[in-house]
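Take a look at the structure below.
The values are calculated or read from the model by the stated rules, or taken from the named source; none is laboratory data. Model, not experiment: these values are computed from the prediction. Positions of Cβ are generated from backbone atoms using ideal geometry, with glycine treated the same way; all protein chains shown enter the neighbour counts. Only protein heavy atoms, including side chains, enter the accessible area calculation; ligands, DNA and RNA are left aside. Shrake-Rupley method; radii C 1.70, N 1.55, O 1.52, S 1.80 Å.
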Amino acid sequence: MPRLLAAAVLLALLPAAAPIEAAQPIGWDYVVRFDPDLKRAHVRCCFRGYIPKRLVGAGPEVMPAYTFHQGGGDAHLTKRADGSLIPVGLGRGRMCVRWTVDLDRAGALAPRRHVNVWRVGRDLLVSPVIVLLRPYMWPLAGHVTVRLELPEGMSALVPWPATHGANTYNLDPQCTNCLGRMAVGRFQVDRARVAGTDLELAILDRPLRASPAGIRRWVHAAAGAVANLYGRFPAPKLAVMVQAWPGRSPPVIFGMAMRGGGAHAILYPAGAASDEELVGEWVGVHELTHVGMPWTPEDDAWLQEGFVTYYQEVLRARAGMIDERQAWQNMEEGFGRGRRRGGRRPLVQESVTMGREHNYHRVYWAGAAMAMQIDVALRRASGGRQSLDDVMRWWHAHRGGAVRAYAGLDLLRDAERALGQSVASPIAERILASKAVPDMRATYAALGIRVV
C-alpha cells in the first residue's frame, strides 16, 4: 500500500476511538503477574487519553484460553464473532480491563508456530502477543509500558527498553503486534556492555555441556564481529536467549533473530557442544547480523538471508574467528550446495516458496553469490572507495528503524541513488531471473582466486 494511502486510511480510522475530554498523554499500561508455576498470566491494562473500540489478541482460535474479569471499576470485555473484544462500561478519561491467560491452553490452541508458548524445563518462552491484548487501531504517538510482577526467585528477559521501576519497560505502540519472544523463569540474566550495546543473556533450563562463561564468550564474540561492520553493534540493546538442543553436531543447531519491540535472538547450541566448539561457529554471527538489516517481506529472503549468509563468512574472517582461506572455502562449498539443491525455477520464485518447500540452500547461497558479485562490482566501479559494507551501513542508518517492510530491489535502488553507483540492481535482476546459482568463475578470477 502506498505511504500516502496508508496514512489516509489510518487517519480515517483513528477517530473511531472514544475521545477524552481532559487532555492527557495518550497510551496504555500493562501490569502482568505470573503464577509461581508459570501456568497463568494475570493482566490488567489501563488506557489513558483515548479509549479503544476493539481489542485483539493472537487470533480467534486462542480466545478460549482467556478469562475476562470485571468489577472494581474495570470495564467488561465482550467477545465478537471475529475473536476481537468490545469494552463495555467505558470510563471517562481512563479505562481499565483485566484478563487471565491459561498459557498451556493458549499454546495448544495457537495455530502458528511462531506465535506460541514453549516450556523449556522449568522456564517459559512465550510470544508477547499471547499475553498482551492490544487495540485494533491505536494512536501511533501513544506511550505504552509493561510492568512484570514475577514470582520470588524468577527473572525475565525481554527485548523492550527498560524504564523507571523494577521489571518495567517501554513498548513501541507500533510494535505491539510484532513477532518476538519473552522468557520467564529461574535463570540468571547476564548483563554486559558489549560493542556499544547493552547485551542481556539468559541460558534456559536445558542440559548443556558448555559453561556459562563459554556461552558468554561465544555470544559476545558474535556481537563483536557484527559490530566490526557498523563501528558498533547496530542496536542499543540486545537480548539473547540460549536454549540447548539435544545432540552434538553441529555445535549450534539453529537460531532465530526477531524484531518484536527490540533486537533479540534465540540460539540453540547442541547440548553436548563444548566451549571451544562454540566461539567462531557461524550461526551466532549469522543471526546477529540480521539485527542491522532492514525489514523485508518474507518473499525477499534472497536479500535478507542471502546477504547475511555472505557476511557470516566475511565478518568471521575479519574478526579472526576463521582464516581467509577457510572463509573462501566455506563460500565455495555453500555455492556448491545451492547448485545441487535447486534450479527448477528462477530465484525470485524459489524465494517466495522457500518456507513451504524448504529450498533454503538454493535461496541462501544464490543470495550470497549475488552479495559477493555486488560487493566486487562496487569496489571495481569506485576504485576501491565503496563496497557492499557501505550499502549495509546506509540501509541500517536510513531503513533500519522502520516498522514497514521494504522490497529487496527497492532497497538496492535506494542505496544506488545514495552512493551514486548503479551496479547493484542489474546484478540482482539478472540473478533473480536465473534458475541457477550464479557461476562465480569470473568473480573469482577478478579477485585472483583459483579453485582446484
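Observations on the structure shown:
- Which numbered condition LEU55 fails, given (1) within 14 Å of VAL97 (Cα to Cα); (2) out of contact with any strand residue (DSSP E or B) (no Cβ under 8 Å at 6 or more places or on another chain): (2)
- 3 or more residues open to solvent by less than 10 Å² (accessible area, probe 1.4 Å): qualifying helices (runs of 4 or more DSSP H) within segment 361-452: 388-399, 408-419, 424-432
- Here GLY142 clears all of (1) buried (at least 19 other Cβ atoms within 10 Å of the Cβ); (2) free of Cβ contacts under 8 Å to residues at least 12 places away in the same chain; (3) not aliphatic (A, V, I, L, M) except the condition numbered (2).
- Taken over segment 53-108, residues that are open to solvent by 70 Å² or more (accessible area, probe 1.4 Å) and of a type in the set (Gly, Ala, Ser) amount to 4.
- Selection from segment 304-337 of residues that are open to solvent by 10 Å² or more (accessible area, probe 1.4 Å), over 25 Å from GLU350 (Cα atoms) and among the small types (Gly, Ala, Ser): ALA317, ALA319, GLY320
- Among residues of segment 266-282 being of a type in the set (D, E, K, R) and surrounded by fewer than 18 Cβ atoms within 10 Å (Cβ to Cβ), the one that is farthest from MET321 (Cα to Cα) is ASP275.
- Applying a threshold of 6 Å to beta carbon distances and a minimum spacing of six or more residues, or different chains, the list of pairs starting in segment 211-228 at a residue that is touching a residue at least 40 places away in the same chain (Cβ under 8 Å) and ending at one that is among the acidic types (Asp, Glu) and surrounded by fewer than 19 Cβ atoms within 10 Å (Cβ to Cβ) reads SER211/ASP275; GLY214/ASP275.
- For first residues located in segment 287-300 and under 26 Å from TRP218 (Cα atoms) and in contact (Cβ under 8 Å) with a residue 24 or more places away in the chain, partners that are part of a helix (DSSP H, G or I) and open to solvent by 50 Å² or more (accessible area, probe 1.4 Å) and lie 6+ apart or on another chain with Cβ distances below 7 Å form the pairs GLY292/HIS396.
- Out of GLY247, GLY260, GLY255, one residue alone is modelled with pLDDT under 95 and buried (at least 17 other Cβ atoms within 10 Å of the Cβ). It is GLY260.
Let's see how each residue does on (1) closer than 17 Å to GLU305 by Cβ; (2) over 22 Å from the mean Cα position of the chain (by Cα); (3) without any contact (Cβ under 8 Å) to a residue 40 or more places away in the chain:
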position: ALA369; (1), (2), (3): yes, yes, no
position: SER387; (1), (2), (3): no, yes, yes
position: TRP395; (1), (2), (3): yes, no, no
position: VAL403; (1), (2), (3): no, no, no
position: ARG413; (1), (2), (3): no, yes, yes
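- Some residue of segment 14-32 being among the acidic types (Asp, Glu) and at pLDDT 95 or above: no
- Positions within segment 115-136 being more than 15 Å from LEU55 (Cα to Cα) and assigned to a loop (DSSP other than H, G, I, E, B), in sequence order: ASN116, GLY121, ARG122, SER127
- Restricted to strands (runs of 3 or more DSSP E) entirely inside segment 152-250, those with at least 2 residues that are more than 22 Å from PRO269 (Cβ to Cβ), under 19 Å from the mean Cα position of the chain (by Cα) and not aromatic (Phe, Trp, Tyr) are 168-171.
- Cross-chain or 6+ apart pairs with Cβ under 7 Å, segment 109-132 first and open to solvent by 10 Å² or more (accessible area, probe 1.4 Å), then in a strand (DSSP E or B) and small (Gly, Ala, Ser): ARG122/GLY185
- Picking from residues in segment 341-360 that are of a type in the set (D, E, K, R) and not in a loop (DSSP other than H, G, I, E, B), the one that is most open to solvent (accessible area, probe 1.4 Å) is ARG356.
- Against the conditions (1) modelled with pLDDT of 95 or more; (2) open to solvent by 40 Å² or more (accessible area, probe 1.4 Å); (3) of a type outside the set (A, V, I, L, M, F, W, C), PRO234 satisfies every one except (2).
- Of residues in segment 194-208 being out of contact with any Leu (no Cβ under 9 Å at 6 or more places or on another chain) and more than 20 Å from LEU124 (Cα to Cα), the one surrounded by the fewest Cβ atoms within 10 Å (Cβ to Cβ): GLY196
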